[in-house]
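Have a look at the structure below, then the notes.
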Amino acid sequence: MAAVDVSLTLVTPARPEITQTVTRGAARLMTALSYAPLLEVCLPNGRRADIMALGPRGQILIIEVKSGIADFRTDRKWREYQPYCDAFAFAVAPEFPREILPDEPGLIVADGFGGAVLREAPATALAGARRKALTLAFARLAAMRSAGVAAVNLEGV
């Protein structure tokens, strides 16, 4: 009978697993903060927000999940989310090297169970007409998903 090596080896999660874990934790954090999160929301400019959340006072927060250094360095579209939210934040795993992130956006560290806000996202209020259109589109998208429709776009904005 051949000997089997059963030594423990460190397994590094793949990028999709990290993204899924951070997204789940950040969404749980949003719920704990009384925000209503929607995942994978296509914005009117064609960009896709990882998390878009509606706050208790109607504020709109967009969260971009970054799974690693390569993901951050190759994806510079985050400024294109700002016309569609009051505040913007990055969400990363605890082991992510946070020093490479810009100082302007908010910062959330999350794992599969929850998260913590390390830096508040600076607020820049949306214009009233845009807020109304986004809020209505957000509500319609949430209702469509609740009805089992595989909707992803914010229509009517």
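Any read-out appearing in this document is the output of simple, stated calculations on the displayed coordinates, not a laboratory observation. Remember, it's a predicted structure, so these values are computed and weren't measured experimentally. In this analysis, Cβ positions are derived from the backbone assuming ideal geometry, glycine residues included, and neighbour counts consider all displayed protein chains.
Results, tabulated for the structure shown:
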{"read-out": "Radius 13 Å from Cβ of Arg47, net charge of other residues (Lys, Arg +1; Asp, Glu -1)", "value": "-1"}
{"read-out": "Spread of Cα-to-Cα distances over 5 Å intervals beginning at zero, given as percent, for segment 15-146", "value": "2, 11, 22, 26, 21, 12, 5, 1"}
{"read-out": "Degrees separating the helix 128-146 axis from the principal Cα axis of the chain, which is the longest one", "value": "50 degrees"}
{"read-out": "Simple Cβ-charge dipole of segment 15-146, Lys/Arg +1 and Asp/Glu -1, about Cα centre, in debye nearest 20", "value": "540 debye"}
{"read-out": "Cβ-based exposure ranking for Ile18, Ile108, Ile63, in which fewest neighbours within 10 Å come first", "value": "Ile18, Ile108, Ile63"}
{"read-out": "Net charge of Cβ neighbours under 11 Å - reference Asp86; Lys, Arg +1; Asp, Glu -1", "value": "+3"}
{"read-out": "Angle in degrees between helix 15-32 and the longest Cα principal axis of the chain, rounded to the nearest 10", "value": "50 degrees"}
{"read-out": "Burial ranking of peptide ranges 125-137, 80-92, 24-36 (average Cβ count within 10 Å, highest at the top)", "value": "80-92, 24-36, 125-137"}
{"read-out": "Relative contact order (%) - criterion: Cα under 8 Å, at least six apart; region: the chain", "value": "22 percent"}
{"read-out": "Neighbourhood net charge (14 Å Cβ-Cβ; Lys/Arg +1, Asp/Glu -1) for Phe113", "value": "+1"}
